1. Is it the case that Ser361 is in a helix (DSSP H, G or I), surrounded by fewer than 17 Cβ atoms within 10 Å (Cβ to Cβ) and modelled with pLDDT of 80 or more?
2. Only one of (1) assigned to a helix (DSSP H, G or I); (2) under 45 Å from the mean Cα position of the chain (by Cα) fails for Thr479. Which number is that?
3. Among what's in the range 281-301 and is surrounded by fewer than 24 Cβ atoms within 10 Å (Cβ to Cβ) and assigned to a loop (DSSP other than H, G, I, E, B), pick the residue that is modelled with the highest pLDDT.
4. With the checklist (1) closer than 21 Å to Thr479 by Cβ; (2) out of contact with any helix residue (DSSP H, G or I) (no Cβ under 8 Å at 6 or more places or on another chain) in hand, flag the one item Ser423 doesn't pass.
5. Here is a list of conditions, (1) among the small types (Gly, Ala, Ser); (2) touching a Leu at 6+ places or on another chain (Cβ under 8 Å); (3) within 20 Å of Gln59 (Cβ to Cβ), and Ser169 meets all of them except one; can you say which number that is?
6. Right, Glu426: modelled with pLDDT under 90, over 28 Å from Ile513 (Cβ atoms) and out of contact with any His (no Cβ under 9 Å at 6 or more places or on another chain) or not?
7. In the range 100-181, which helices (runs of 4 or more DSSP H) lie fully inside it and hold 2 or more residues that are more than 45 Å from the chain's Cα centre (by Cα)?
8. Being closer than 30 Å to Ile334 by Cα, part of a helix (DSSP H, G or I) and modelled with pLDDT of 65 or more is true for just one of Met408, Met389. Which residue is that?
Amino acid sequence: MKSINVMEGDIERFFPTSGQDSNPAYRGVSALASIVIIVAFAYVASAKLGFTVAFAAEQVTLIWPPSGIALAALLLAGLRVWPGIFIGAFAANVTTHEPALTAFGIAAGNTLEALVGAALLRRAGFHNGLDRLQDVLALTLFSAILSTIVSATIGTFSLCATGLQPWHSFIALWRVWWLGDAGGALLVAPAILAWGSGFSAQGSAPSLRRIVEAVLLFAGIVLMCAAIFARSPDSHLSGHSVIYMIFPFIIWAALRFGQRATTIVTLIASGIAVLSTARGLGPFGSDSISQSLILLESFMATVAVTGLLLSAAIAERRAAEKKLSIYAGELEHINRQLDDFVHIASHDLKEPLRGLILQASFLLDDLGEELDEDARKRLRRMIDLGQHMGHLVEDLLHFSRLSREKLMKQDINPEAIIERIRSMAESWLDERKARIAVVAPLPRLRGDSTAMAEVFRNLITNAIKYNDKDEPLIEVGFTESLETPSGVECNVFYVRDNGIGIDPQYHDEIFHIFRRLPDAARFDQSGTGAGLTFVKKIIERNDGRIWLESAPGRGSVFYFTFPSAGNSGRQA
């Protein structure tokens, strides 16, 4: 949620001046004066409302909305509107049978409280929309707890110094004053800030379903508060335990509507609770009015902070999810561009390579007898390098297709795939005296049969190629669960061999494209180092993962999860 600081341009927009004077400075001063007057009137009106429940003393009340109005005015309209707070505070107090000097001292304390609170919040990087946990915590600490000390101290001192209240009542009056101002900062200021900081937000119109839900929310909190607080203290529904029944509505507002609705629900609950308690009704109505309001104020402050924190946490999470979604979209776009580049570049490289290989072959065929052995050797080397480059280009194209092509979903029999691989490589297996054994029944699975065949073919051929044993043995199997350092993996296929093994330092590197083991060329001259990259890509596109266990001279076991008849994935 975007916060707003109303400066000169905003003031002129909200409070346009007469068109007969086009002086920008005059219009700015006129608009500022209008806001100062509005703040002063709002302060006086809310102060008179607060004085109606001034039971501790005529000038001190536990319900003090002006502190919230003053703080919100400075945060939204800027520190320049402080005269409105001073004028309003002075007028509210001087009209309650207080000497002008006392009213002046109280007004100064009230104004200084709002200025200190606003300054501390601005220094803390406060967002008016209360859309972060740090904003709610800052409001609670700097405004409700610390800055209210200023007004409570100066105001109580003014009352006692001018003889309106005895000095022995200083601590009791100070506590009531501080609680009243803190309540205004926690109950009134958030509502004004949450709604006032939304002037610049251009949201879409709410749906009918959402409007109905909001009506049910507000009607529900009114009815619930009426049932809790508007009953006799002797009623079975007036025990202190029932006051917690308003929390589901606070949670509802926070989860579904955010900070704005939460502040309104809290204000509604507070208003009904205060009016009922002042009449001696509800769970807090059994004690003296002053003591009852102290307990009620403490409870409603807890409710307010809880709702604000929950709403802020949800707002932070939604903002993080939105940012993550944007980043994911950007990353997907970049990956698509990279895939397109690889596909185009690889395709465009094929023709020049083919031409180079053909030209070198023509030279070797046509002029071979006229060239010395070294020249013929260089031409053959050029042809070999060109063909190897062609294989790399083909692998790049294939890797690009793995990312671009849609995987077909069909029933697959892995044992049939193994049998086809064994049949196609029969002569090679006989030559190497290699054996492929299915050591455990392989379940049928659902996926792309061509891609699955490529996975098994790459793993099995690698197990044969990189094998220094006289009789290579490749075992293919399946286990429903496997204990690993990162947890229990379910539905795991594996390909085990008795080959040369792989040093642990290369376990991750071998899955990177065109990465080969240092001594790989000793076993395979034509390989490009892309096969395991293809395997990993295919498995990950099917929501699986691949890893291996291996050490030099001890063979290798490649494990991978793949959607099958059971549920694949990891258990915590």
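The values are calculated or read from the model by the stated rules, or taken from the named source; none is laboratory data. Every value quoted in this text rests on a predicted model; they were computed, and no experiment measured them. Because the Cβ atoms are built from the backbone with ideal geometry, glycine has one as well, and the counts that use them run over all protein chains shown.
1. In short, yes.
2. (1)
3. Here the answer is Leu281.
4. Single failed check for Ser423: (1).
5. Checking Ser169 against (1) among the small types (Gly, Ala, Ser); (2) touching a Leu at 6+ places or on another chain (Cβ under 8 Å); (3) within 20 Å of Gln59 (Cβ to Cβ), the one that fails is (2).
6. On the way: modelled with pLDDT under 90: yes; over 28 Å from Ile513 (Cβ atoms): yes; out of contact with any His (no Cβ under 9 Å at 6 or more places or on another chain): yes.
Yes: the conditions hold for Glu426.
7. The qualifying helices (runs of 4 or more DSSP H) are 100-123, 148-161.
8. One residue alone meets the criteria, Met389.
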